[in-house]
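Peer 1: I am attaching a structure below and will ask some questions about it afterwards.
The values are calculated or read from the model by the stated rules, or taken from the named source; none is laboratory data. Not measured: the values here are computed from a predicted model. Cβ placement follows ideal geometry from the backbone for every residue including glycine, while neighbour counts extend to all protein chains displayed. Keep in mind that these areas ignore ligands, DNA and RNA; they rest on the heavy atoms of the full protein, side chains included. Shrake-Rupley method; radii C 1.70, N 1.55, O 1.52, S 1.80 Å.
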Amino acid sequence: MTVLLGACATVQGRTPTVSILVDLDPASADQTVIVESITADREGRLYLADRVTGNILRVDPKSREPVVVGQIDAREIQGKKVNADASGLAFNQEGDLLIAATGFSEVVRIRGSDLNPAKPGRAETFATGTPGANGIAFDKQGNLYVSGARAGKIYRVGPGGGAAKAIAQIEPHTRTLPDGKTTQPIVENGLAFDAKGVLHVADTARGAIWKLAIGNDGNPGKPTLLAQSPLLEGADGIAFDSSGRLWVTANERNAILTVTTDGTVQQVAKNGSQGPLEFPSAIVFVGNTGYISNYDTPRRDNMAADGKTSIDGIGASIAQITP
Ligand SMILES: [Ca+2]
Ligand SMILES: [Ca+2]
């Protein structure tokens, strides 16, 4: 009996709570800042890229004060101004920050020594030939993997960067949302490696997580489904916690879920348009605390009461979840 009670307590004892760490645009709730991803450095400081300004923001969870430490300049391409539309971020082993620049079909880099509030570092091209670049993740050898969004190609480039090569394919798929008109065609979004070096891929369109084993020769196997569930619709950023459990932000459902190694999906948190989750786009763990970027776009469960905008809640922000 004691054992049973103990087991119950382990499963149900503590309910993870979600709260806001930082409001990234305190003067507005109307997408004046747009953050699609979040990562952390070795000291546990958080980094986000603002699609509106091109600024790279650093936030120390203790001081909660965003500072600008880098910049991705817009480019002029064929006479038109093109924004980077920064997505996934990740640090390499040398401490340089890599950022998927969806607008450029590239991954850009800011050297660690240039992440400086006194003189924000300028991003430069690291990898080319990555259309739809969204999630990024490094393997243990320092190779960078890049997800390709709707076309479903996974790209890889070596530690030095250069022209990326497509190494795997997830079949394209488009889902229609419950409103009967909005569609979701992104089959590759967030990326994360587990401790064994298996790449996991969030499929936003199918509401699924794929696994891609990479052989010792560097050759990938075929993608296999780990989990597919209506709970995972909108699966965006993913990250493993220290116990090896995969956490998923389901953006359009304003939800956070976990997926175990046997594919069991569990909803950990969910809320309506008022937050604290507002179209959560990614999660990163520092110790046992998960930090979540709120992208806050007007869609599905994050649509404001006006039925048009995402103005409910506080808008672009970092939420935190303590398991
Ligand atoms: Ca993403
Ligand atoms: Ca909102």
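Peer 1: Check off (1) in contact with a Gly (Cβ under 8 Å, 6 or more places away or on another chain); (2) β-branched (Val, Ile, Thr); (3) within 15 Å of ligand 1 (Cβ to nearest atom) for residue 286 and give me the number that stays unchecked.
Peer 2: Among (1) in contact with a Gly (Cβ under 8 Å, 6 or more places away or on another chain); (2) β-branched (Val, Ile, Thr); (3) within 15 Å of ligand 1 (Cβ to nearest atom), residue 286 violates only (3).
Peer 1: Now a separate question. Being buried (at least 19 other Cβ atoms within 10 Å of the Cβ), in contact with a Pro (Cβ under 6 Å, 6 or more places away or on another chain) and more than 29 Å from residue 319 (Cβ to Cβ) narrows it down to one of 142, 152, so name that one.
Peer 2: Working: 142 fails: buried (at least 19 other Cβ atoms within 10 Å of the Cβ).
Of the residues listed, the single one that is buried (at least 19 other Cβ atoms within 10 Å of the Cβ), in contact with a Pro (Cβ under 6 Å, 6 or more places away or on another chain) and more than 29 Å from residue 319 (Cβ to Cβ) is 152.
Peer 1: Shifting gears a bit: Can you find, within the range 231-244, the residue that is nearest to residue 135 (Cα to Cα) among those that are within 19 Å of the chain's Cα centre (by Cα) and without any contact (Cβ under 8 Å) to a residue 40 or more places away in the chain? Outline the logic, then answer.
Peer 2: As a first pass, look at the range 231-244 and keep what is within 19 Å of the chain's Cα centre (by Cα): 231-242, 244.
After this cut, where a residue has to be without any contact (Cβ under 8 Å) to a residue 40 or more places away in the chain as well, the list is 231-232.
Numbers: 231: 20, 232: 17 Å.
The selected residue is 232.
Peer 1: Name every residue in the range 202-230 that is within 16 Å of residue 190 (Cβ to Cβ), not small (Gly, Ala, Ser) and not in a strand (DSSP E or B), in order of residue number.
Peer 2: The answer is 204, 206, 223.
Peer 1: If you scan the range 289-316, which residues turn out to be open to solvent by 60 Å² or more (accessible area, probe 1.4 Å) and either within 16 Å of ligand 1 (Cβ to nearest atom) or on the phi > 0 side of the Ramachandran plot (or both)?
Peer 2: 300 - this is the single residue of the range 289-316 that is open to solvent by 60 Å² or more (accessible area, probe 1.4 Å) and either within 16 Å of ligand 1 (Cβ to nearest atom) or on the phi > 0 side of the Ramachandran plot (or both).
Peer 1: Could you list, ordered by first residue, the pairs with Cβ atoms under 9 Å in which the first is in the range 251-264 and within 19 Å of residue 184 (Cβ to Cβ) and among the β-branched types (Val, Ile, Thr) and the second is open to solvent by 10 Å² or more (accessible area, probe 1.4 Å) and at pLDDT below 95, at least 6 apart or interchain?
Peer 2: Pairs found: 256/16.
Peer 1: Going through 267, 320, 274 one at a time, which residue ends up being in a strand (DSSP E or B) and over 17 Å from the mean Cα position of the chain (by Cα)? Can you show your working first?
Peer 2: Numbers: 320 fails: over 17 Å from the mean Cα position of the chain (by Cα); 274 fails: in a strand (DSSP E or B).
Going through 267, 320, 274 in turn, just one is in a strand (DSSP E or B) and over 17 Å from the mean Cα position of the chain (by Cα): 267.
Peer 1: Any residue at all in the range 21-35 that is at pLDDT 95 or above and either in contact with a His (Cβ under 7 Å, 6 or more places away or on another chain) or under 21 Å from residue 114 (Cβ atoms) (or both)?
Peer 2: Yes; the residues of the range 21-35 include at least one that is at pLDDT 95 or above and either in contact with a His (Cβ under 7 Å, 6 or more places away or on another chain) or under 21 Å from residue 114 (Cβ atoms) (or both).
Peer 1: In the set 215, 121, 135, which member is open to solvent by less than 50 Å² (accessible area, probe 1.4 Å) and free of Cβ contacts under 8 Å to residues at least 12 places away in the same chain?
Peer 2: Values: 121 fails: free of Cβ contacts under 8 Å to residues at least 12 places away in the same chain; 135 fails: free of Cβ contacts under 8 Å to residues at least 12 places away in the same chain.
When all the criteria are applied, what remains is 215.
Peer 1: Can you tell me how many residues within the range 182-198 are buried (at least 23 other Cβ atoms within 10 Å of the Cβ) and away from ligand 1 (no atom under 15 Å from the Cβ)?
Peer 2: The qualifying residues number 0.
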